[in-house]
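Please read the structure below before turning to the comments.
The values are calculated or read from the model by the stated rules, or taken from the named source; none is laboratory data. In this text, all values refer to a predicted model and were calculated from it rather than measured experimentally. A quick note on method: Cβ atoms are made from the backbone with ideal geometry, for glycine too, and the neighbour counts reach across all protein chains shown.
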Amino acid sequence: MDLRRLQVFTKVYEHRSFSRAAEDVLLSQPTVSGHIKTLEEDLAVRLFDRLGREIMPTKAAELLYGHARRVLEAVDQAQEAVDAFLGRLRGELVVGGSTIPGQYVLPAFIGRFRLLYPELRVILKIGGTSEIAARVLSGELEAGVVGAVIDDERLAFTPVMDDELCVIAWPDHPLAGRQYAIKVLAEEPVVMREPGSGTRMFLAQALKRSGLDIADLQVAAEMGSTMAVLQAVRAKVGLGFISQRAVTDDLAAGRVVKLKFKGLKLARKFYLVTRHRRTHAPAAQAFIGLWMADLGGGQPSEAPDALDP
């Protein structure tokens with residue numbers, strides 16, 4: 001049984017589509033269809049029912065899929081073992097990052113990593129902190145870099161980078177240029193990140209330490225990305241809470257200004273999240289090792305201020 005045909009079969013099975021499978025394996029759709037047809041002829045069984053534009057796996061396909069996945073995983077493990085023995089890395093590594101590290105830190109780091117391992121393909125998934133942590137937990141991601149700690153004993157969080165949130169406003173906002181008591185913040189409309197984001201998790205803790213509950217804020221809008229928060233602030237929707245890394249150019253250009261509130265401390269850390277006791281593939285070990293060496297992190301540990309997911 002041809003391994004390439006098995007690989008094509010698993011992608012068609014997972015996508016329920018010849019065209020999407022073709023994109024995934026970098027083949028034309030007719031070639032993918034040809035592989036499936038040949039595999040069906042070799043096995044003397046129908047694997048997919050063609051229902052117009054849709055396809056449906058047969059019972060035989062469901063049975064074959066489990067075996068095919070195990071065969072392909074064994075082949076990958078064999079390749080990784082030989083590559084590790086020879087001191088080379090290739091194949092695919094999937095990692096994740098919450099919005100700020102995913103957009104502003106990890107791309108440059110991946111560039112440096114690829115200089116050392118040019119045969120390795122790195123896939124970066126970006127999402128909220130809760131989403132990235134869940135994907136690490138499920139095994140979909142080998143590791144992630146996130147902006148908050150989630151209270152789950154199956155996950156390990158290592159502080160690896162410093163960051164700071166800013167409270168920003170448009171240049172002619174009435175609060176610009178002076179320092180105010182923290183209670184004034186509750187009197188202004190604000191733009192928030194969505195629930196589950198590391199920024200929102202951290203902000204809730206920071207406000208609580210300053211004597212203000214996040215529920216006291218007047219939320220004018222919720223946004224699903226840092227850039228959306230920035231654009232909403234520039235459009236005068238409300239004050240925004242945003243990473244210093246993401247707003248440096250806008251502050252320098254005068255498109256937004258930073259506001260000051262007494263007692264509000266917004267310094268935070270980013271964390272490398274991994275799953276406890278997981279045996280990482282050689283590519284992931286190299287990635288994590290370079291990250292820790294590059295940024296001076298320590299050993300994975302549970303952070304003291306764990307947050308509820």
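When ARG20, ARG5, ARG69, ARG16 are screened for being under 30 Å from ALA281 (Cβ atoms), at pLDDT 85 or above and exposed (fewer than 14 other Cβ atoms within 10 Å of the Cβ), only ARG16 passes. Under the condition of being surrounded by 16 or more Cβ atoms within 10 Å (Cβ to Cβ) and of a type in the set (S, T, N, Q), the residues counted in region 210-224 number 1.
When region 26-54 is filtered for residues that are of a type in the set (Gly, Ala, Ser) and more than 13 Å from PHE9 (Cα to Cα), the ones remaining, listed by number, are SER28, ALA44, GLY52.
Of all the residues in region 28-60, those that are crowded, with 18+ Cβ neighbours inside 10 Å and part of a loop (DSSP other than H, G, I, E, B) number 1. Filtering region 45-61 to residues that are among the charged types (D, E, K, R) and at pLDDT below 90 leaves ASP49, ARG50, ARG53, GLU54.
A count restricted to region 225-282 and to residues that are surrounded by fewer than 17 Cβ atoms within 10 Å (Cβ to Cβ), polar (S, T, N, Q), touching a Ser or Thr at 6+ places or on another chain (Cβ under 7 Å) and under 15 Å from GLU164 (Cα atoms) stands at 0. If you go through region 51-65 and pick out every residue that is within 20 Å of LEU6 (Cβ to Cβ) and of a type in the set (D, E, K, R), you end up with 2. Among the residues making up region 243-257, a single one is part of a strand (DSSP E or B) and either at pLDDT below 95 or farther than 23 Å from ALA181 by Cα (or both): SER243. Listed here are the strands (runs of 3 or more DSSP E) enclosed by region 136-211 that have at least 2 residues being closer than 21 Å to ASP250 by Cβ and modelled with pLDDT of 90 or more: 155-169, 189-193.
Here is a check on your reading of the model: is VAL190 outside the structural domain of ILE150 (by TED's automatic domain parsing), exposed (fewer than 15 other Cβ atoms within 10 Å of the Cβ), farther than 17 Å from ARG268 by Cβ and touching a residue at least 40 places away in the same chain (Cβ under 8 Å)? Spelling it out, it is not the case that VAL190 is outside the structural domain of ILE150 (by TED's automatic domain parsing), exposed (fewer than 15 other Cβ atoms within 10 Å of the Cβ), farther than 17 Å from ARG268 by Cβ and touching a residue at least 40 places away in the same chain (Cβ under 8 Å).
When you check GLY240 against the structure, is it closer than 22 Å to THR99 by Cα, small (Gly, Ala, Ser), at pLDDT below 85 and in contact with a helix residue (DSSP H, G or I) (Cβ under 9 Å, 6 or more places away or on another chain), yes or no? Criteria not met by GLY240.
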